[in-house]
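Scroll down for the structure; my scribbles are underneath it.
Each value in this text was obtained by applying a stated rule to the coordinates, not by laboratory testing. From a predicted model like this one, the values you see are computed outputs, not experimental measurements. Positions of Cβ are generated from backbone atoms using ideal geometry, with glycine treated the same way; all protein chains shown enter the neighbour counts.
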Amino acid sequence: MEKTVGVLGGGQLGRMLAEAANRLNVQVNFLDAAGSSAKQITNHDGHVEGSFKDSEAIQKLAAKSDVVTVEIEHVNTEFLEEISEMTDVQPSWKTVRTIQDKYLQKEHLKKFDVETAQSIPLAAPTKDELAKAAKTLGLPLMLKSRREAYDGKGNFPVKSEADFDAALQALGANKDLYAEKWSDFKMELAVMVVKTKDEVLSFPTVETIHENSICKLTYSPARGVSREINEKAQALARKAVDCFWGKGVFGVEMFLQKDDTLLINEIAPRPHNSGHYTIEACPLSQYDAHLRAILDLPISQKNLRLREPSIMLNILGGETPDSHIQAAKKALELFGGEGVHLYGKGQARKGRKMGHVTITAPTMAEAEKTIQPLVDFMDQGKA
Ligand code: ATP
Ligand code: MG
Ligand code: MG
């Protein structure tokens, strides 16, 4: 392929993007530290060493790449805007700028009549401001950082007024905060959406299980979800992504509430943890789809279908530096290591995403039976 892709960041999402790109002879240049996850599996001289927070390094990457994309939304969008004069940036810097501030993201969705949790920005991180928001939203509520949030870092559940101090302390006095109405959801769903130059397509609906605000498991198809709700989730996810600019895959997280209404929780303008299962379970993976979308290569809805029910389990860092290796070995022992992915991140830190496993089977019940001993093994390691 004649076009070269540049990526801000070179972690596990970049690494899996490179795996898809390698099969198509697409060169992907990563801007990150030497030896990062993505660089380990891509041997060419197009990489840039440095930080994706550094303007000069981004300029260098842009000069070498026909299309620049991101594997993380917490980037400086002024720099992205600058390079968009000389190279194609996908999705648009406007999309990244709107999405990276969770409150602005929600305001934007509201303008397009996309249902999201009611949100109120705090003019200052004070008890008075929080009390004002609580008066409108009720308690409990979720206090959130507007920017730089991931894996639940940046969220604090506020159950009563007694939590106000702890919440404000935990989220840092200097951060911009907003309060979000509590969603008493029965389930969390997610859909990977693909925005091409002229269409909005979607992968199947996934059920996500979070533990301590970190994604632990995904099930596709979502268990016990009716055809009607599934279609509603698909339509809502597509409608949400349709109101952003540019091309690429987007991860759309949703709450299915007790009354069967759906709300958008948040959107990621990039490949997403809830889409890892697509590597084994769909004809094209979310990474294949991202590349095809940003490079204007052919892609159709039928390439995004589910071939078999699947479960994805995240391998998080545990009590010991090699707990992720132990988990991978256990998967080899239990079921021959089908669907094991390790990210090459070196030593584990507790809760850090070190790898994942995807199981597929003719029925969801079989997939559940296969993965359960590994879930138990990893739960024991946490004790
Ligand atoms: P990610 O790693 O997905 O980017 P994040 O740090 O951006 O996570 P959120 O997606 O905002 O965090 O929230 C993490 C989890 O916290 C959600 O998946 C959900 O389980 C819970 N949560 C978030 N907002 C609410 C809410 N308004 N009401 C109830 N629970 C919520
Ligand atoms: Mg997030
Ligand atoms: Mg989230």
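Given charges of +1 on the Cβ of Lys and Arg and -1 on the Cβ of Asp and Glu, with all other atoms neutral, how large is the dipole of the range 206-349 about its Cα centre, in debye to the nearest 20?
On the way: 17 positive and 17 negative charges, 52 e Å.
With only Lys, Arg, Asp and Glu charged at Cβ, the dipole is about 260 debye.
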- Message: Once you order the gyration tensor axes a ≥ b ≥ c over the Cα atoms, which shape class does the range 280-383 get: rounded for a/c under 1.5, otherwise prolate or oblate by comparing a/b with b/c?
- Response: oblate
- Label-to-label distance, nm, for residues given as D198 and E366 (7 Å Cα→Cβ offset): 4.0 nm
- Message: Is there a quick way to get the dipole size of the chain? I mean about its Cα centre, with the Cβ of Lys and Arg at +1 and of Asp and Glu at -1; what is the value in debye to the nearest 20?
- Response: 240 debye
- Message: Which one, G344, M142, G35, is farthest towards the positive end of the dipole of the chain when Lys and Arg carry +1 and Asp and Glu -1 on their Cβ?
- Response: M142
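Based on other C-beta atoms within 10 Å, arrange C243, C282 from fewest to most.
Working: C243 15, C282 24.
Listed from fewest to most nearby Cβ atoms, that is C243, C282.
Which order results if I279, I371, I229 are arranged by neighbouring Cβ count within 10 Å, fewest first? Numbers along the way, then the final one.
On the way: I279 21, I371 24, I229 18.
With the fewest neighbours first, I279, I371, I229 line up as I229, I279, I371.
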- Where in the chain are the DSSP H helices whose alpha-carbon span along the long axis reaches 30 Å or more and whose Kyte-Doolittle mean is at least 0.5? none
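When each pair of different Cα atoms in the range 198-245 is counted once in the 1/r mean, what is the Kirkwood radius in angstroms, to one decimal?
Values: mean 1/r = 0.0826 Å⁻¹.
Every distinct Cα pair counted, the radius reaches 12.1 Å.
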- Note on the structure: With +1 at each Lys and Arg Cβ and -1 at each Asp and Glu Cβ, the charge dipole magnitude of the range 63-125 around its Cα centre, to the nearest 20 debye, comes out at 280 debye
- Item | Radius ratio Rg over Rh of the chain, counting only Cα atoms, Kirkwood formula for Rh | 0.95
- Using a/c under 1.5 as the rounded threshold, could you call the range 48-121 rounded, prolate or oblate? The axes a ≥ b ≥ c are square roots of the C-alpha gyration tensor eigenvalues, and prolate needs a/b larger than b/c, oblate otherwise. prolate
- Query: Given Cα pairs under 8 Å that are at least 6 residues apart, what percent is the relative contact order of the range 77-134?
  - Reply: 19 percent
- Loop sites only, by DSSP: take the GluC sites (Glu not before Pro) in the chain that have at most 11 other C-beta atoms within 10 Å and name the longest stretch containing none of them. 86-318
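Would you mind checking the pairs K330/K369; K111/K216; K39/K302; K3/K195; K329/K350; K258/K350 and listing those with alpha carbons more than 22 angstrom apart? Intermediate values should be presented prior to the final figure.
Numbers: K330/K369 15 Å; K111/K216 32 Å; K39/K302 32 Å; K3/K195 19 Å; K329/K350 19 Å; K258/K350 33 Å.
Table pairs above 22 Å Cα-Cα are K111/K216; K39/K302; K258/K350.
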- Task: Select from Q90, L61, A21 the residue farthest towards the positive end of the dipole of the range 7-96; place +1 on Cβ of Lys and Arg, -1 on Cβ of Asp and Glu, and compute about the Cα centre.
- Result: A21
- Amide H proximity to A38 below 5 Å, modelled H, separation 5+ or other chain, gives G11, R15
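According to the square roots a ≥ b ≥ c of the eigenvalues of the Cα gyration tensor, what is the shape class of the range 2-107, taking rounded for a/c under 1.5, prolate for a/b larger than b/c otherwise, and oblate for the remainder?
Values: a/c = 1.70, a/b = 1.54, b/c = 1.11.
It comes out prolate by the Cα gyration axes.
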- Message: Could you list T95, T360 so that the one with the fewest beta carbons within 10 Å of its beta carbon is first and the one with the most is last?
- Response: T360, T95
